[in-house]
Amino acid sequence: MDKLVIEGGHRLSGSIKISGAKNSALPLLASGLMCSGTFKLRNVPLLADTASMIALIEYLGVQTKRIDDGVSIIGEASILDAPYEQVRKMRASILVLGPLLARYGSVKVSLPGGCAIGTRPVDLHIWAMQQLGAIVELADGYIKARCRNGLIGNKIVFPFISVGATENAMMAASLAKGRTRIINAAREPEIIDLGNCLNSMGAKISGHGTDNIIIDGVETLSSAEHCVIADRIEAGTFAIAAAITQGDLTLSNMNPVYLNALFAVLEQTGSAVEIGENWARVSCSSRAKPVDIATQPYPGFPTDLQAQYMSLMATADGSSKISETIFENRFMHVPELMRMSGDIQIDGRSCIVHGKAHLKPAPVMATDLRASVCLVLAALATKGKTTISRIYHLDRGYTNLEEKLNKCGAKIQRLEE
């Protein structure tokens, strides 16, 4: 197991090319299970999570081939059982449920693992399959679903917004008989990317990116090639890195529109933000001003940037309130920030953060993906050496993080524990 040793207190400056989006690549890889021909995906990030999804696809008997950032998926599944050993590391493994059920009429998937940031129940995924006519059983830690005569299009009204359940419903409905309408659908950029990809395979989807998605089912999906969108969470993380180190970073190969909510907040904290067609520049010359935020589904402030933003507020010139409305257990980074002398008080689903001019280096431990990079940001702004353990979480979501930051003036070493 590796750890990071970060010598903080250095101003970041330079340019960073943003990698493909993890949260988009995972459902896109799963959608390849529905393709009757050859499915080629470009700009796939080199991450532990994408490697896990590819390994799961191969376990199911489907051939894959990886060259640089490209992944090809060819052939039919010979196994329709995704056991715990294959899905325990990643909650996104549930995304094979819809594709396998829609194409083969039967599937058995273990309840998945992943970050312990809340219950994140799979009941909406199961319910969506039932709405499409599937018979679903939940027993012995497995989801067993079948539809002898294929799925049937239907109206699916989600009681609350779920990105993963929207993705599973979109994929399953693409091969269902008739029309499906998804109401209260997630609107994230990753949903748009999935819809565009499925359409390139021959699906008939409209409205993706709105809360009302219409899908007219087709009999088969054929060969296609698609490029994964840039990772807005990675881009947002580096934008906060510029602010917390009072630096100047240009982020390339990304869509700045997807980070409107973050950029608006950063400008309120005192950062300067410039945007172009496929780039953004964030610079800062003083401590951040305190600004309250509450996480919201897209296009609101992303829950996946809440922990990183808390690091910025921990060094702000004043006190702020951060409210988490998406997950009920996403403050596990707070005790670790407090080990670095952060002054933070948890009050239910909110935190009061009293900013300090200087945090203190300390040995800390990553508890989940976004919490791990939150500690990296705090360490970058802290003079002295901070050691972050259990960084395997970090490798699930960030491609060459220390290499990208070191090129911009950071001093980060990866060592074996």
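For the chain, the relative contact order comes to 21 percent (Cα pairs under 8 Å, sequence separation of at least 6). Out of every Cα pair in the stretch 22-227, what percent are spaced more than 22 Å from each other? Beyond 22 Å sits 41 percent of the P(r) for the stretch 22-227. What the phi angles of the stretch 95-106 give under the Karplus curve with 6.51, -1.76 and 1.60, with θ = phi - 60°, is a coupling list of 6, 7, 4, x, x, 5, 5, 5, 7, 10, x, 7 Hz, glycine and proline written as x.
The Rg/Rh ratio for the stretch 357-412 is 0.94, where Rg is the radius of gyration of the alpha carbons and Rh is the Kirkwood radius.
Residue by residue, the stretch 28-43 carries 3J(HN,Hα) couplings of 5, 4, 4, 5, x, 5, 8, 7, 7, x, 9, 10, 10, 10, 10, 6 Hz when phi is fed to the Karplus relation 6.51 cos²θ - 1.76 cosθ + 1.60 (θ = phi - 60°); x denotes Gly or Pro.
Given their separation in residues at 0.36 nm each and the Cα-Cα distance between them, Glu274 and Met1 gain 94.4 nm when the chain is fully extended.
Reported value for the stretch 274-357: 102 Å³ per residue, from the convex hull of its C-alpha atoms.
Here's how it looks for Cys227: its modeled amide H is under 5 Å from those of Arg42, which are all 5 or more places away or on a different chain. Extension gain for the segment Asn400 to Ala139, taken as residue separation times 0.36 nm less the Cα-Cα distance, is 90.0 nm to one decimal. Peptide packing: for 343-352, 394-403, the average count of neighbouring Cβ atoms within 10 Å per residue gives the ranking 394-403, 343-352, highest mean first. A crude spin-label estimate for the pair Glu417 and Arg11, with each label 7 Å from Cα along the Cβ direction, gives 3.6 nm. For Lys22, a cut-off of 25 angstrom between C-alpha atoms picks up these lysines, skipping any fewer than 8 places away in its own chain: Lys3, Lys40, Lys65, Lys89, Lys108, Lys204, Lys404, Lys407. Spacing of the modelled spin labels on Asn212 and Gln296, each 7 Å from Cα toward Cβ, amounts to 2.0 nm. Note on Tyr104 and Asp123: their simple-model spin labels are 2.9 nm apart, each label 7 Å out from Cα toward Cβ. Using the Cβ-Cβ distance between Ser223 and Ser341 with R0 set to 41 Å, the FRET efficiency works out to roughly 0.15.
Where a number appears in this text, it was derived from the coordinates with a stated rule and is not lab data. Since we're looking at a predicted model, the values are computed, not measured. Positions of Cβ are backbone-derived with ideal geometry, glycine not excepted, and every protein chain shown enters the neighbour counts.
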